Amino acid sequence: MKKRLLGILLCVVMIASLLTACGTKETGGKGGDKTIGVCMPTKDLQRWNQDGQNMESQLKEAGYKVDLQYASNDIQTQVSQIENMIANDVDMLVIASIEGDSLGTVLAQAKEKDIPVIAYDRLIMNTDAVSYYATFDNYMVGQKQGEYIEEALDLKNAAGPFNIELITGDPGDNNARFFFNGAMDVLNPYIDAGKLVVKSGQTDFATVATANWSTENAQSRMENIISSFYADGTELHAVMASNDSTALGVANALTASYTGEWPILTGQDCDIANVKNMIAGKQSMSIFKDTRDLAKQTVKMVDAIMKGGEAPVNDEETYDNGKGIVPTYLCEPVFADVNNYEELLVESGYYTADQLK
Ligand code: BGC
């Protein structure tokens, strides 16, 4: 009888400890009272608002506290925000930089305090304080834009020549060169063969770059190009714009001062204004980078590092920040146009149909 009682007691104790172990495992997945500092460049562009919101909600869901800051595209503001976060002893920093080269000094302080840093979307240059990089495949973004133009003008078969103009992003953003090179590796052979002609003659990165990725800067450069090279009825067949804020500037300039048939126009981000332009026939495509996926991947990295492990990566050779290769997770971009935007953007819950009206 005593033996049986002892047996039952032992079983109860074992079941209780098993249940406790399961419970511990579950809460072990939570961030506890750890705080993650999230630095975003600006609220001016739609995508960074989405990135910030996604990061905040997904980190909170994983149990972390979040200090989310936007820096109005002002480098010094971003530096101060990071300094404050370090002074407040955040446990980790996730940073989408304004200018890749300007954070070396402040991040040296993070390194001294053993605060890990993840570069978000944009690589942070010339510092050994960055542990990981999470982004979309930036070269592929440009490649898809180039291929879209190649296909739309049927460059492989058509005789041409076709006129094209080029517009890319901020020279302080490491991504801009990847976008530009990806697109130009597709387009350059056609330019060399004379099938594509850049009437303005503006083809080098520095000349076609757009400070701050600003719509206004893109618009005024495009207006100058139109009035100098296309005001006499010369047809403009395509504009390779690296993202949506610059594509918007191009579309505004075309609306204001170009009278020919609307050219092929590329973009990136699927911002609402640009998707509306796509539906209206004023932009041909945009690259869709689902910011929910980038946030999800980054949160996985944060969680792995906070638990003392290694973050999941899928590229350990492409992104050298001047101090060495930064292990990277690359998400895959896809192209959106008027034929697939509903499936990609509405059915996936990224936007509601009403937002695009
Ligand atoms: C991002 C793009 C964005 C651009 C302007 C780049 O670093 O990758 O998605 O359009 O910055 O904000």
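The values are calculated or read from the model by the stated rules, or taken from the named source; none is laboratory data. Keep in mind the model is a prediction, meaning the values are calculated, not measured. Neighbour counts are summed over all protein chains in view; Cβ atoms, including those assigned to glycine, are modelled from backbone coordinates with ideal geometry. Surface areas here come from the heavy atoms of the whole protein model, side chains and all, with no ligands, DNA or RNA. Shrake-Rupley method; radii C 1.70, N 1.55, O 1.52, S 1.80 Å.
Pick out the one residue from F162, F229, F205 that is out of contact with any Cys (no Cβ under 6 Å at 6 or more places or on another chain), at pLDDT 95 or above and crowded, with 20+ Cβ neighbours inside 10 Å.
Working: F229 fails: crowded, with 20+ Cβ neighbours inside 10 Å; F205 fails: crowded, with 20+ Cβ neighbours inside 10 Å.
From the options F162, F229, F205, the qualifying one is F162.
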- request: Would you please name the residue that is farthest from the ligand (Cβ to nearest atom), looking only at residues in segment 119-131 that are surrounded by 24 or more Cβ atoms within 10 Å (Cβ to Cβ) and outside any strand (DSSP E or B)?
  value: I124
Which listed residue, of V66, V94, V106, V79, is more than 19 Å from I305 (Cα to Cα) and either under 22 Å from the mean Cα position of the chain (by Cα) or open to solvent by 30 Å² or more (accessible area, probe 1.4 Å) (or both): V79
query: Is at least one residue of segment 192-205 under 20 Å from S286 (Cβ atoms) and either more than 16 Å from the ligand (Cβ to nearest atom) or not in a loop (DSSP other than H, G, I, E, B) (or both)?
result: no
- request: Please indicate, with yes or no, whether at least one residue in segment 28-41 is open to solvent by 10 Å² or more (accessible area, probe 1.4 Å), at pLDDT below 95 and in a helix (DSSP H, G or I).
  value: yes
statement: Pairs returned, first residue in segment 144-155 that is among the aromatic types (F, W, Y) and assigned to a helix (DSSP H, G or I), second residue that is open to solvent by less than 30 Å² (accessible area, probe 1.4 Å) and at pLDDT below 95, beta-carbon separation under 8 angstrom, 6 or more apart or interchain, are none
task: For segment 210-225, enumerate the residues that are touching a strand residue (DSSP E or B) at 6+ places or on another chain (Cβ under 9 Å) and either open to solvent by less than 20 Å² (accessible area, probe 1.4 Å) or hydroxyl-bearing (S, T, Y) (or both).
output: T210, A218, M222, I225
- request: For segment 46-118, please list each of the helices (runs of 4 or more DSSP H) lying entirely inside it that holds at least 1 residues being within 16 Å of the ligand (Cβ to nearest atom).
  value: 46-61, 75-87
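Is it the case, given these coordinates, that F178 is over 18 Å from the mean Cα position of the chain (by Cα), closer than 29 Å to Y319 by Cα and not charged (D, E, K, R)? Reasoning before the result, please.
Details: over 18 Å from the mean Cα position of the chain (by Cα): no; closer than 29 Å to Y319 by Cα: yes; not charged (D, E, K, R): yes.
Against the criterion (over 18 Å from the mean Cα position of the chain (by Cα), closer than 29 Å to Y319 by Cα and not charged (D, E, K, R)), F178 does not qualify.
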query: How many residues are within 16 Å of the ligand (Cβ to nearest atom) and among the acidic types (D, E) when one looks only at segment 147-191?
result: 2
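Looking at the structure I just gave you, is K60 open to solvent by 60 Å² or more (accessible area, probe 1.4 Å), within 20 Å of A304 (Cβ to Cβ) and touching a residue at least 60 places away in the same chain (Cβ under 8 Å)? Reasoning before the result, please.
Details: open to solvent by 60 Å² or more (accessible area, probe 1.4 Å): yes; within 20 Å of A304 (Cβ to Cβ): yes; touching a residue at least 60 places away in the same chain (Cβ under 8 Å): no.
Here the answer is no, as K60 does not meet what is asked.
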message: Given the condition more than 17 Å from T266 (Cα to Cα) and either touching a residue at least 12 places away in the same chain (Cβ under 8 Å) or not in a helix (DSSP H, G or I) (or both), answer yes or no: does some residue in segment 175-187 qualify?
response: no
field: Residue in segment 132-141 that is within 12 Å of the ligand (Cβ to nearest atom), among the β-branched types (V, I, T) and farther than 20 Å from T210 by Cα present
entry: yes
